[in-house]
Amino acid sequence: MYQIYPLSFADSNGDGMGDLAGIRARLPYLLELGVDAVWISPFYPSPLADFGYDVSDYCDVDPRFGTLADFDALVAEMHRVGLRVILDFIPNHSSDQHPWFQEARRSRDNPRRNWYVWQDPKPDGGPPSNWLSEFGGSAWKLDEATGQYYLHSFLEEQPDLNWRNPDVRRAMCDVLRFWVARGVDGFRVDAIHHLFKDTQLRDNPKNPDYRPGMLPRRQLIRRYTTDLPEVHDAAREMRAALGQDGERLLIGEAYLPFDRLMHYYGAQLDGFHLPFNFHLIETRWDATLLRPLIASYEAHLPAGAWPNWVLGNHDRSRIASRVGPAQARIAAVLLCTLRGTPTLYYGDELGMRDVPIAPEQVHDPFEKNIPGLGLGRDPERTPMQWSAEKYAGFSSGEPWLPVAADYQQVNVERQRKDPDSMLSLYRSLLALRRAEPALSLGSYTELDVPPPLLAYVRQHEQRRLAVLLNLGSTAQAGAVPAELRGVQVAVSTHPGRAGAPLGADLLADEGVVLAL
């Protein structure tokens with residue numbers, strides 16, 4: 001899967017913001033890259049308080065991105081060329097500008113009132129509980145007109161929907177059916193573990209491990225506001241809304257430990273097909289940590305469950321900024337050769353890095369609400385770097401976020417011509433993955449190698465491929481296991497190594513795939 005953040009991928013009309021027509025124009029690039037499915041982040045009508053994750057109409061396209069006709073044309077073209085379409089679905093909250101919430105706040109007895117979570121103040125007039133917003137401050141906002149608080153797990157412009165109300169569940173599943181009828185192949189469900197909250201509104205306990213400088217929400221353990229058992233019933237309802245033919249995919253976003261994440265597959269694998277596995281993003285880049293992490297994930301998977309891996313997304317610093325450009329090539333090999341579906345964030349295939357954002361250029365409400373901690377997500381959402389032209393070929397007008405300073409060197413046009421570029425490495429890896437069932441379907445067996453090396457074998461029937469990665473910045477003399485020496489290199493992060501037999505040494509920052 002390939003994630004597109006539509007505001008920043010390709011602008012077709014010169015307004016500085018990406019759009020659906022821009023995505024359609026760049027489909028040949030996605031085919032050339034070798035991806036199977038494209039996950040498109042929100043393009044629904046929205047005030048953009050949280051840049052599309054505050055939806056004011058779940059069944060339309062924001063004019064900034066185009067029209068429903070543009071969407072239909074995009075889906076038709078993607079299907080024509082063999083690409084699947086995955087949309088973001090945001091069920092936990094709507095925009096405060098959504099007609100449902102506009103009705104709900106008119107009066108306490110409005111028929112839509114119970115579509116959201118409302119509560120009287122405490123006797124002292126304060127919020128009903130100590131629950132905290134993900135973006136800082138209380139999760140409760142007082143509505144002066146009606147004298148009650150409403151719940152918002154994120155921004156106050158994003159009131160939480162009441163999923164205990166059957167009418168809400170039906171309406172939101174109808175949204176899924178609306179897009180399925182337009183040809184959508186699947187959904188990535190946002191913030192799924194937030195969907196239900198404690199009916200008694202009990203205070204969350206204080207976090208004894210909280211220290212100054214941590215996210216403010218970490219002051220509390222979210223015992224009563226996330227990962228409640230009722231979430232799994234909702235997941236089954238969503239899955240049923242996709243139809244019975246088994247042709248559509250349901251992905252869940254939940255940042256959870258492995259033992260809790262596995263419940264999201266469902267008791268009979270009837271929940272999410274892929275509960276997103278973000279642990280590669282959250283774990284320090286160290287072979288001594290990654291090896292047991294991979295083993296633990298494999299061990300926790302329920303029988304028959306399909307794994308997945310994520311290295312970057314619109315909420316986290318880019319992989320090349322986290323581990324450096326050299327190790328980002330190692331990360332590419334790891335992502336494309338582990339067992340399970342890999343998700344690639346736009347621009348990571350070029351080695352794009354976080355872009356410094358000046359205070360006056362900040363858009364992200366996370367940074368505005370909690371300044372000084374570097375929480376802003378704008379740096380990883382900057383325009384795709386297509387060429388050395390002005391604005392990196394993203395737009396003919398000034399982009400909504402600044403383009404990276406290195407765009408004249410780091411861009412599709414330049415890397416497409418360079419057989420040793422990051423883009424060429426990804427293309428080689430994805431082509432090998434497509435050609436080799438051992439990589440796309442095979443088993444995973446780790447090899448015993450000393451750090452900073454990480455090694456494993458992927459096998460399907462009699463075909464075996466070995467992956468050997470040096471997560472260190474120095475060469476590892478004599479570190480290649482004896483059984484791998486002399487084996488032909490299928491793909492290497494280093495120029496000139498592919499096609500040659502591997503020796504006893506692994507170069508600094510080198511990763512290789514070997515055909516055994």
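No value in this document is a laboratory result; all are computed from the given coordinates. Predicted, not measured: the structure shown is a model, and the values here were computed from it. Here the Cβ is made from the backbone with ideal geometry for all residues, glycine too, and neighbour counts use every protein chain on show.
When the range 99-151 is described by a simple charge dipole with +1 on each Lys and Arg Cβ and -1 on each Asp and Glu Cβ, the residue from SER129, ALA139, TYR116 located farthest towards its positive end is TYR116.
Could you tell me the calculated FRET efficiency between LEU516 and ALA303, based on Cβ-Cβ distance and R0 = 22 angstrom, to the nearest 0.05? Intermediate results must be reported in sequence, preceding the final value.
On the way: r = 27 Å, r/R0 = 1.24.
So the FRET efficiency works out to roughly 0.20.
Over all alpha-carbon pairs in the chain, figure out the percentage whose distance exceeds 32 Å. For the chain, the share of Cα pairs beyond 32 Å comes to 45 percent.
Residue separation times 0.36 nm, minus the C-alpha to C-alpha distance between PHE178 and GLU483: what's the value? Don't skip to the answer; put the middle values down first.
Values: separation 305, 0.36 × 305 = 109.80 nm, distance 5.45 nm.
Contour length minus the Cα-Cα distance gives 104.4 nm.
In this structure the amide hydrogen of GLN148, modeled in the peptide plane, comes within under 5 Å of the amide hydrogens of ASP143, none closer than 5 places in sequence on its chain. Centre-to-centre separation between the Cα atoms of the range 225-283 and those of the range 14-44: 26 Å.
Note that the range 378-388 has calculated 3J(HN,Hα) couplings of 4, x, 9, 10, 6, x, 4, 9, 8, 7, 8 Hz, one per residue in order, obtained from phi through the Karplus relation 6.51 cos²θ - 1.76 cosθ + 1.60 (θ = phi - 60°); glycine and proline are x.
How much length is gained if the chain between CYS59 and ALA267 is pulled fully straight, taking 0.36 nm per residue apart and subtracting their Cα-Cα distance, in nm to one decimal? Intermediate results must be reported in sequence, preceding the final value.
Working: separation 208, 0.36 × 208 = 74.88 nm, distance 3.09 nm.
Residue separation times 0.36 nm, minus the Cα-Cα distance, leaves 71.8 nm.
Just how far, in whole angstrom, is the range 160-220 from the range 364-436 if you go by their alpha carbon centroids? Using only Cα atoms, the two centres lie 30 Å from each other. Close amide H partners of LEU161, meaning residues 5 or more places away or on another chain with modelled amide H under 5 Å apart, are HIS93, SER94. Taken one residue at a time, the phi angles of the range 294-305 give Karplus couplings (6.51, -1.76, 1.60, θ = phi - 60°) of 5, 4, 5, 4, 4, 6, 7, 4, x, 4, x, 6 Hz. Gly and Pro are set to x.
Scale the Cα Rg of the range 395-457 by the rule-of-thumb value 2.2 N^0.38 Å and send over the ratio, two decimals. Please report the intermediate quantities before stating the final value.
Working: Rg = 18.1 Å, N = 63, 2.2 N^0.38 = 10.6 Å.
Relative to the 2.2 N^0.38 Å estimate, the range 395-457 comes out at 1.70.
Sequence-ordered 3J(HN,Hα) estimates for the range 173-182 from the Karplus curve with 6.51, -1.76 and 1.60 and θ = phi - 60° stand at 5, 5, 4, 4, 5, 4, 6, 4, 5, 8 Hz, glycine and proline given as x. Amide H contacts under 5 Å for TYR2: ALA37, VAL38, TRP39, LEU344, restricted to partners 5 or more places along the chain or on a different chain, H placed in the peptide plane at 1.01 Å from N.
Quick check on the chain: helices-only [θ] at 222 nm, where DSSP H runs of length 4 and up contribute -39,500 (n - 2.57) each and the sum goes over total residues. Nearest 500, please.
That comes out to -7000 deg cm²/dmol.
Gain on full extension, evaluated as 0.36 nm per residue between GLU461 and ASP286 minus their Cα-Cα distance, stands at 59.9 nm. In this label model, LEU142 and ASP198 are separated by 2.3 nm, measuring between points 7 Å along each Cα→Cβ vector.
Its Cα gyration tensor gives the range 33-145 an equivalent ellipsoid. The semi-axes, each the square root of 5 times an eigenvalue, are 37, 16, 11 Å from largest down. The long axis of helix 422-435 is offset from the longest Cα principal axis of the chain by roughly 90 degrees. Here r is the Cβ-Cβ distance between ASP233 and LEU33 and R0 is 45 Å; the resulting FRET efficiency, rounded to 0.05, is 0.75. At a threshold of 8 angstrom on Cα-Cα distance, excluding pairs fewer than six apart, so keeping six or more, what relative contact order does the range 99-151 reach in percent? Answer for the range 99-151 is 32 percent. When each of the peptides 311-319, 66-74, 213-221 is scored by the mean number of other C-beta atoms lying within 10 Å of its residues, the order from highest to lowest reads 311-319, 66-74, 213-221. Within the range 172-207, whose backbone N sits under 15 Å from a point 7 Å along Cα→Cβ of ARG164? Once the point is set 7 Å along Cα→Cβ of ARG164, 195-203 turn out to lie under 15 Å by backbone N, inside the range 172-207.
Given a Förster distance of 51 angstrom, what is the FRET efficiency for ALA504 paired with VAL362, based on the Cβ-Cβ distance and rounded to 0.05? Before the final figure, lay out each step's value.
Details: r = 51 Å, r/R0 = 0.99.
FRET efficiency, ALA504 to VAL362: 0.50.
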